[in-house]
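Undergrad: First, the structure itself, so that you have it in front of you.
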Amino acid sequence: MLRLFALLVVLAAPVWAVEPHEMLDDPALEARARVLSMGLRCPVCRNESIDESSATLAADLRVVLRERLAVGDSDAQAVDYLVARYGEFILLRPDTSGANRVLWAAGPLLFLSALFIGWRTVRRRPEPVVESLSAAEQAKLDKILRN
């Protein structure tokens, strides 16, 4: 069991992408940097934070973030610095204010409109016309069914 755990730890090592040379000496600043970097998207990777990514650009962003914190920026200032350079795409959880409200509301609104259009389409379909058989057709059917 211990060997399996050790193997899993070794295989999961790439998940810990923060390199030792990137870490700050101050544990409080390093903890702040780790929390902030978990909320920032790697521009190279798909939906992976810069804290988890092993991409070169993510490493550069981790270093920049730590430099901003080391010079005394608040968490918001450090994140705003990166957002100013990379846009809101860099945020893993973008704000729900301003123009982003339209984007957040678009999915549910489109889903509800699709449901409404589907409901109207089904309701407007004409009833199928059911014609009864003529006497000659009924006689043929009865003959076929008897055989």
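Undergrad: Output the number of the condition that L92 fails; it satisfies all remaining conditions of (1) in contact with an Asp or Glu (Cβ under 7 Å, 6 or more places away or on another chain); (2) in contact (Cβ under 8 Å) with a residue 12 or more places away in the chain.
TA: The single condition L92 does not satisfy is (1).
Undergrad: Moving on. Condition check: over 30 Å from D26 (Cβ atoms) and in a loop (DSSP other than H, G, I, E, B). Does S97 satisfy that?
TA: Judged against the criteria, S97 is a match.
Undergrad: Filtering segment 43-77 down to residues that are in a helix (DSSP H, G or I) and among the acidic types (D, E), which residue is surrounded by the fewest Cβ atoms within 10 Å (Cβ to Cβ)?
TA: D60
Undergrad: Suppose we filter W104, W119 for residues that are free of Cβ contacts under 8 Å to residues at least 60 places away in the same chain and over 20 Å from the mean Cα position of the chain (by Cα); which single one remains?
TA: W119
Undergrad: Here is a further query. Out of all the residues in segment 92-106, which are of a type outside the set (V, I, T), modelled with pLDDT of 80 or more, exposed (fewer than 11 other Cβ atoms within 10 Å of the Cβ) and over 23 Å from I50 (Cβ atoms)?
TA: Passing the criteria: only A106.
Undergrad: So, in segment 100-120, exactly how many residues are under 24 Å from F89 (Cα atoms) and aliphatic (A, V, I, L, M)?
TA: Adding up the residues that qualify gives 6.
The values are calculated or read from the model by the stated rules, or taken from the named source; none is laboratory data. Note that the structure is a prediction, hence the values are computed from the model and not measured. Every residue, glycine as well, gets a Cβ built from its backbone with ideal geometry; the counts of neighbours run over all protein chains shown.
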